[in-house]
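**Q** First the structure, then my questions, so here it is.
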Amino acid sequence: MATTPITGPLSDEAQQSVGAVLQDSVVDFVDLSLTAKQWHWNVLGSNFREAHLHLDELVDLARTFTDQVAERAATLGVSPDGRAETVAKDSGLPTTEEGWRKVEDVNHAVVETLARLIGRMRERIAATEVPDPVTQDLLIAQTAKLEEAHWMWQAKTA
């Protein structure tokens, strides 16, 4: 089988640079979905139920965004890599501890994680402006939703 069976509309150089941005996004979103699920299973304390359900919303958002950026990469002829070893090696998000965590600690961890991800997404938006405005539009829309989620989690910790 050919190593690049899918061709896209971008030049080779643009495909490589945009593909790298999309791959980084795949990794971060997979990590966010796994980390948020870890918190979901281990959160405890007052407002447990609300935190538990809100974390599932974050997992759903991360999984949706993972699929969107992975499919955009594939559309451009770039094979996305969401394997556990790749995520563990390449994610730029903070790590989380194992075990039980109080609601307040989880809330702060979510705020920190989303802030880091938003910063990374804004860098990706800038990097895709010239080579692929279509990908940039996708990243802008995702970042807007992440910023909204960040605001909501911050409001819980205020």
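**Q** Quick check on residue 59: is it on the phi < 0 side of the Ramachandran plot, within 11 Å of the chain's Cα centre (by Cα) and either surrounded by 21 or more Cβ atoms within 10 Å (Cβ to Cβ) or among the aliphatic types (A, V, I, L, M) (or both)? Quick ask: steps written out before the conclusion?
**A** On the way: on the phi < 0 side of the Ramachandran plot: yes; within 11 Å of the chain's Cα centre (by Cα): yes; either surrounded by 21 or more Cβ atoms within 10 Å (Cβ to Cβ) or among the aliphatic types (A, V, I, L, M) (or both): yes.
In short, yes.
**Q** Which one of these is farther than 23 Å from residue 111 by Cβ, aliphatic (A, V, I, L, M), out of contact with any Cys (no Cβ under 8 Å at 6 or more places or on another chain) and free of Cβ contacts under 8 Å to residues at least 12 places away in the same chain: 74, 14, 70, 20?
**A** Details: 74 fails: free of Cβ contacts under 8 Å to residues at least 12 places away in the same chain; 14 fails: free of Cβ contacts under 8 Å to residues at least 12 places away in the same chain; 70 fails: free of Cβ contacts under 8 Å to residues at least 12 places away in the same chain.
Just a single option satisfies the conditions, and that option is 20.
**Q** Still on this structure, please answer the following. What do you reckon, is residue 105 among the charged types (D, E, K, R), open to solvent by 40 Å² or more (accessible area, probe 1.4 Å), free of Cβ contacts under 8 Å to residues at least 12 places away in the same chain and over 28 Å from residue 73 (Cβ atoms)? So that I can check it myself, show each step before the final result.
**A** On the way: among the charged types (D, E, K, R): yes; open to solvent by 40 Å² or more (accessible area, probe 1.4 Å): yes; free of Cβ contacts under 8 Å to residues at least 12 places away in the same chain: yes; over 28 Å from residue 73 (Cβ atoms): yes.
Yes, satisfied.
**Q** Cβ-Cβ distance below 7 Å, separation of 6 or more or different chains: which pairs start in segment 137-148 with a residue that is more than 19 Å from residue 54 (Cβ to Cβ) and end on one that is among the basic types (Lys, Arg) and modelled with pLDDT of 95 or more?
**A** So the pair list comes out as 138/72; 139/124; 143/122.
**Q** Inside segment 1-45, can you point out the residues that are outside any helix (DSSP H, G or I), surrounded by 17 or more Cβ atoms within 10 Å (Cβ to Cβ) and at pLDDT 95 or above?
**A** 10, 43
The values are calculated or read from the model by the stated rules, or taken from the named source; none is laboratory data. Given the structure is predicted, the values throughout are model-derived calculations rather than measurements. As a convention, Cβ positions derive from the backbone with ideal geometry for all residues, glycine included, and neighbour counts pool all protein chains shown. Side chains are part of the model used for accessible areas, which takes the heavy atoms of the whole protein and leaves out ligands, DNA and RNA. Shrake-Rupley method; radii C 1.70, N 1.55, O 1.52, S 1.80 Å.
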